[in-house]
Each structure stands twice: as C-alpha cells, then as structure tokens.
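The values are calculated or read from the model by the stated rules, or taken from the named source; none is laboratory data. As the structure is a prediction and not an experimental result, all values here were calculated from the model. FYI the Cβ positions are ideal-geometry reconstructions off the backbone, even for glycines, and counts take in every protein chain you see. These accessible areas exclude ligands, DNA and RNA; they are computed on the full protein's heavy atoms, side chains included. Shrake-Rupley method; radii C 1.70, N 1.55, O 1.52, S 1.80 Å.
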Amino acid sequence: MKNTLIAPSVLAADFANLQRDIEMINNSEADWFHIDIMDGAFVPNISFGMPVLEAINKHAKKTIDVHLMIVKPERFIPTFAKLGADILTVHYEACTHLHRTLQAIKVEGMKAGVALNPHTSVALLEDIINDIDLVCIMSVNPGFGGQSFIENTYEKVKKLKELILKKGANTIIEIDGGVTNKNAKQLVDAGADVLVAGSYVFKAENPTQTIADLKKITTL
Ligand code: DX5
Ligand code: ZN
C-alpha cells in the first residue's frame, strides 16, 4: 500500500489566525507543513520570512518542508536550519552551483530538495539526481497560490520517475500547485509521493476533512 504524503501549504492559511490553522494541520491527517518563502525577485510576489517561520515552528508538530523561491538561496542555508526546516528546497533556476548548494543543505542536517519551474526539463537532473532527496515539480508558475494546474505535469512526473529508477536514486517526487481531488490520484499513479495543497485545503468548508479525503484517494 502506497502512503502518499499530504503537505498543506501555509501560504493559503489565515495569517490572522495562524496558530489556529497550524493546530488544524497538527490534528489532521496531513504529513508535512509546506512553507513558501518568496523574495519578490525570483518570483513576482513576496510571502513571508524568518520571523513568521520561527512562529510557525513553535507550534508545528510535523515535518517542516521549506520551499525557497528566492535568488541565491545558498545565502540562507544555516539560517533555515536554525529556524526548524527539515527539508530545504531550492530552485534549479536559482542556483549556479547546485551541487555545492545541495551539499551545504545536507551538512546542516536537512534533506535537500530541488524545485523545477514548469518550463524546466527533468532531463536536466540526470547528473545530479543521486544527490537530491526530493524533487518538487511545479505544476503552476511559482509566486501565487490558487492558480490552475498545468496538465503537462503528468508527463514530467512519469519522466522523472523513470530517471530516478534508471539511476537507482532514492529521490521522492513532490507536486506543488493547483492540486485538488481532480488530479491527485492521477499524479500518484504517475509517480508522485508528496502532494502540496494550499487553496484547495484552506478554502474548503472543512479543511480537516479535505485533507483526509486527499489522503484517502491517494493511498492505494
Ligand atoms: C506557489 C507555491 C505553492 C502554493 C500552492 O508558488 O509554491 O506552494 O502555495 O498553492 P495552491 O495549492 O493554491 O496552488
Ligand atoms: Zn510551494
């Protein structure tokens, strides 16, 4: 039986009731907290930064999965380790020396992730896949929650899964953007291990139940 991990994106939470929303995730069937950090340079939006992550970490009782949508992410690796990140994901497009950056993340005791924009081919990971703990396939253009899912993602997941198997890597596949009950199962069938869901969870009438439903339809 496959245990697909569900990672609600805190970007879609109610920031005026952040502790309440964190406790909701703690008490739900969710597996991880997905934390989106945006700098207004790599992506055309700014989300939140270190003090907010520090506050989240005080209450969060599950794995903290940090997605850095920032230029030169290598500047802040020790900082995010101290702030409680368990997984630190950097963008392929933002790293000139990706290999070095991944090693630096691991030295700090975190799992190392690489995110790919929709236009970035998974084939570019051929020579680095064995050093990556998690690949985050962006199924929207990063920068905003609530966008619609890009259908080409299924093909990318399949190609990435083939590459992982070919190389004998232990990498897991995360999908981020526009995930709903309409595409979740098909993503898992294509090879996804972790599904991030922001607005689908937080805009639902019953977020706890929505998480449970996602968990159920993706756990074969
Ligand atoms: C987009 C972020 C996503 C976002 C997902 O740049 O990386 O994690 O929060 O939100 P939804 O699920 O609403 O597309
Ligand atoms: Zn994200």
> Roughly speaking, what % of Cα-Cα pairs in the chain are separated by over 21 Å, rounded to a whole number?
Replying inline: 50
>> Please list, in order along the range 75-91, the HN-Hα scalar couplings obtained from phi with the Karplus expression 6.51 cos²θ - 1.76 cosθ + 1.60 (θ = phi - 60°), rounded to whole Hz, x for Gly and Pro.
In response: 5, 10, 4, x, 4, 5, 5, 5, 7, x, 5, 8, 10, 10, 10, 10, 7
>> What is the sum of charges, Lys and Arg at +1 and Asp and Glu at -1, for the other residues whose Cβ falls under 13 Å from the Cβ of LYS203?
In response: -3
> Which pairs break 25 Å Cα to Cα here: LYS182/LYS216; LYS72/LYS203; LYS161/LYS185; LYS158/LYS215?
Replying inline: LYS72/LYS203
>> For the range 65-173, what does the accessible surface come to per residue with a 1.4 Å probe? Please give it in Å².
In response: 45
> How much length, in nm to one decimal, is gained on full extension between LEU124 and LYS216, taken as 0.36 nm per residue of separation minus their Cα-Cα distance?
Replying inline: 29.8 nm
> Taking Cα centroids, how far is the range 163-210 from the range 50-109 in Å?
Replying inline: 20
>> Please return the longest range in the chain lying between exposed loop sites, taking trypsin sites (Lys or Arg not before Pro), DSSP loop only, at most 13 other beta-carbon atoms within 10 Å, and leaving the sites out.
In response: 62-181
> Longest span of the chain, sites excluded, free of GluC sites (Glu not before Pro) in DSSP loop with at most 13 other C-beta atoms within 10 Å?
Replying inline: 1-125
>> Can you compute the FRET efficiency between ARG100 and THR208 using 1/(1 + (r/R0)^6), with r the Cβ-Cβ distance and R0 = 45 Å? Round to the nearest 0.05.
In response: 0.65
> Mean separation of Cα pairs under 8 Å and 6+ residues apart, divided by the residue count of the range 1-135: what relative contact order is that in percent?
Replying inline: 18
> Among residues other than GLU126 whose Cβ falls under 13 Å from its Cβ, what is the net charge (Lys/Arg +1, Asp/Glu -1)?
Replying inline: 0
> Is it possible to state the helix-based mean residue ellipticity at 222 nm for the chain, with each DSSP H run of 4+ residues giving -39500 (n - 2.57), the sum divided by total residues, to the nearest 500 deg cm²/dmol? What is it?
Replying inline: -9500 deg cm²/dmol
>> Using a 1.4 Å probe on the protein heavy atoms, what percent of the accessible area of the range 5-219 belongs to carbon and sulfur?
In response: 51
